[in-house]
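Only the coordinates and a few stated rules stand behind these numbers; no lab work does. This one's a predicted model, so the numbers in the text were calculated from it and none came from an experiment. No Cβ is skipped: glycine too gets one built from the backbone with ideal geometry, and neighbour counts run over all protein chains shown.
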Amino acid sequence: MSINWSQEEYIKAYRFAAQKHQGQKFPGTKISYIMHLSFVSMEMIAALNEEKERDENLAIQCSLLHDTIEDTDTTFEELEAEFGLPVANGVLALSKDSSLEKSLQMKDSLQKIKERSQEIWMVKLADRITNLQAPPDYWKQDKIIRYREEAICIYETLKDASSFLASRLALKIEGYKSFINSDI
Ligand code: NI
């Protein structure tokens, strides 16, 4: 079996992300935030094994860098200089625009993702698959319900980018029901 992505490009993006997210913890835990990036890139690598004709370095680098603009001091220009324009554009599309009202941010981001190539759609699918693990203890039921509904919207909007990731996300959405209290 051959791979069409470069370990060196993976290491470069992982190292950059690890430095930028340094000190951040995974919500509700004391675990380093980069666990999330490891999971998202792992989902992507599994998907790339099935989906052909993708720019695999773009897909993997964006999976590792997808939260740098939104959650760290990283700028678009910095990403462009380090990783090139397609990666910078991809990460920007995957970032919520904090100048918008919160309720509009996801819809706006999904619209921007749809304007990008399928590799970027795949990052969003992989991100939400990863985020549908057990929610933090402090999340209230209405937040959990909204989060699942948002996942359904992501699935409906982006499922055509990868049947592999789409079916995995569908399973996670189904399983997430177990975190919803049926007697409310
Ligand atoms: Ni993420």
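With 32 Å as the limit on Cα-Cα distance, the pairs of 20/140; 20/114; 114/172; 52/140; 12/177 that go past it are 52/140; 12/177. Taking a ≥ b ≥ c as the square roots of the Cα gyration tensor eigenvalues, the range 57-184 comes out prolate, since a/c reaches at least 1.5 and a/b is larger than b/c. Across all directions, the average projected area of the convex hull around the alpha carbons of the range 21-115 is 7.1 nm². For the range 56-105, GluC sites (Glu not before Pro) meeting the loop criterion (DSSP other than H, G, I, E, B) and having at most 10 other Cβ atoms within 10 Å: 101.
Backbone amide hydrogens, once placed in the peptide plane, bring residue 32 within less than 5 Å of 26, excluding anything fewer than 5 places away on its chain. For trypsin sites (Lys or Arg not before Pro), the sites in the range 125-184 that DSSP calls loop and that have at most 11 other Cβ atoms within 10 Å are 140.
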